[in-house]
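Quick notes on the structure that follows.
The values are calculated or read from the model by the stated rules, or taken from the named source; none is laboratory data. Quantities reported herein were computed from a predicted structural model and do not represent experimental measurements. FYI the Cβ positions are ideal-geometry reconstructions off the backbone, even for glycines, and counts take in every protein chain you see.
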Amino acid sequence: MKNIKMFLLGAVLMPGVCVSGTGCSGNKAVAKVTPAAQLRQRLDKIAETGNIMFGQHDATVYGKNWSWEKGRCDMKEVCGDYPAIINWDLGWLETGSPVNLDSVPFERMKEEIVLQDKRGGLNSISWHVQNPLTLESAWDTSVELKPIKAVVTEGTPAYDRMCAWIGKTADFINGLKDENGEKIAVVYRPWHEHTGGWFWWGKDGGTPEDYKALWKLTRKIFDEKGVDNVLWAYSPDKVVTTEEYFERYPGDQYVDIMGADIYMFDNPDGKETYLNFISKELPIVCSYASEKGKLAALTETGYEGLPHPGFFEEILLPAVKDYPLSYITVWRNSHNKPNHYYVPYKGHRDEEEFKRFYKSDKTLFLKEIKNK
Ligand code: BMA
């Protein structure tokens, strides 16, 4: 990992490769190679393998039936390897709480981000931020208050509060440094699943223009604080048309990774519905990414509680293998919600299946990317 960073320090961007916020335009190389641009180069190099990285949320802080023990990871106990990418969530950082909404101490999160970077892996970050008007959870829509409009309207208490909250996330990310004091670059994926109606920043919380303004405000604050270690991911929930996908897209200068969050649900037509969304949304994601020189990712997916065998081998892998995706992330293996898990753990019925998924040429876990 370190060698790669040293090598990249002397490098310039490839013609045509542009990372949002680097000031790069057209085919001109940029003078300064930011940590974000280095991460982009690394992701491009990994993408040259034609394979897809696999990741999980909170993978090394808790799992099925355990919590907070250092070095543990359910996936590693099954297939002998860590995820290539681990997602973390900053929800509750805005409140000054020492732990996030799932009880992960922010100090521990930082330690784990450093460890994942040290072992050659990647990190991404999401933010289930509470409702700035009601101070209830991210899921408090109270849409009649039009919360998105409120927080992007300058001069209001909601605007001031949101600027301060965004500032806290910017400081957290800006402060991620390895043991040599070099900034660790991460993927940041704020305001996710906004095409759904379950978060206050969702489709009923404001107009498309309000939502775009929220992205721009976020970016303005990050830029003012000199955050240069972020690749920005845009991740609507399941949609089937290009119009829906782009209705609230903030613009190419704000986004590096075109994403999609698509889950499978346990109902009679769950598989069919899942495959339908994958086959409709991923072509939109991948063709736009390729046209604009961006990366594509299935930023969240999974089948809660793995109620039937075969999800990884018979459904997910065949569904995604022909798309040029940088990575896929599944959600967490909770330690205190019995059926809330997304990868098999030691002793689970699907251990052997997951090992085969791990061994597939198409999937990349930590060992396969650490020297790339
Ligand atoms: C949801 C669930 C919740 C959790 C939230 C934020 O999908 O996992 O239990 O609090 O994500 O991580």
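Data overview
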| item | result |
| --- | --- |
| Residues (surrounded by fewer than 19 Cβ atoms within 10 Å (Cβ to Cβ) and under 24 Å from W191 (Cα atoms)) located in the stretch 296-319 | E304 |
| Answer residue from the stretch 289-320, given it is part of a loop (DSSP other than H, G, I, E, B) and small (G, A, S) and is farthest from F357 (Cα to Cα) among those | G293 |
| Residue pairs meeting the criteria (Cβ under 9 Å; at least 6 apart or on separate chains; first touching a residue at least 60 places away in the same chain (Cβ under 8 Å), in the stretch 346-372; second hydroxyl-bearing (S, T, Y) and surrounded by fewer than 16 Cβ atoms within 10 Å (Cβ to Cβ)) | L364/T49; E368/T49; I369/T49; K372/T49 |
| Per-region count, the stretch 132-155, residues touching a residue at least 60 places away in the same chain (Cβ under 8 Å) and touching a Gly at 6+ places or on another chain (Cβ under 9 Å) | 8 |
| Odd one out for A213, checked against (1) away from the ligand (no atom under 16 Å from the Cβ); (2) of a type in the set (G, A, S); (3) assigned to a loop (DSSP other than H, G, I, E, B) | (3) |
| Hits in the stretch 124-134 (condition: over 27 Å from E353 (Cβ atoms), in contact with a Ser or Thr (Cβ under 9 Å, 6 or more places away or on another chain) and more than 12 Å from the ligand (Cβ to nearest atom)) | N131, L133, T134 |
| When residues of the stretch 87-123 are limited to those that are within 13 Å of the ligand (Cβ to nearest atom) and part of a strand (DSSP E or B), the one nearest to the chain's Cα centre (by Cα) | N87 |
| Residue pairs meeting the criteria (Cβ under 7 Å; at least 6 apart or on separate chains; first without any contact (Cβ under 8 Å) to a residue 60 or more places away in the chain and of a type in the set (D, E), in the stretch 226-253; second part of a loop (DSSP other than H, G, I, E, B) and surrounded by fewer than 16 Cβ atoms within 10 Å (Cβ to Cβ)) | D237/G196 |
| Test: residue in the stretch 50-65 that is modelled with pLDDT under 95, outside any helix (DSSP H, G or I), under 30 Å from P132 (Cβ atoms) and in contact with a Ser or Thr (Cβ under 8 Å, 6 or more places away or on another chain) | no |
| Where K149 falls short, out of the listed (1) in a helix (DSSP H, G or I); (2) within 15 Å of the ligand (Cβ to nearest atom); (3) among the charged types (D, E, K, R) | (2) |
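Yes or no, residue by residue, for (1) under 25 Å from R108 (Cα atoms); (2) surrounded by 15 or more Cβ atoms within 10 Å (Cβ to Cβ):
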{"residue": "K149", "(1), (2)": "no, yes"}
{"residue": "E154", "(1), (2)": "no, no"}
{"residue": "I166", "(1), (2)": "yes, yes"}
{"residue": "F172", "(1), (2)": "yes, yes"}
{"residue": "E193", "(1), (2)": "no, yes"}
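Let's see how each residue does on (1) of a type outside the set (D, E); (2) touching a helix residue (DSSP H, G or I) at 6+ places or on another chain (Cβ under 7 Å); (3) over 15 Å from F222 (Cα atoms):
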position	(1), (2), (3)
E112	no, no, yes
K149	yes, yes, yes
P157	yes, no, yes
F172	yes, yes, no
G181	yes, no, yes
R189	yes, no, no
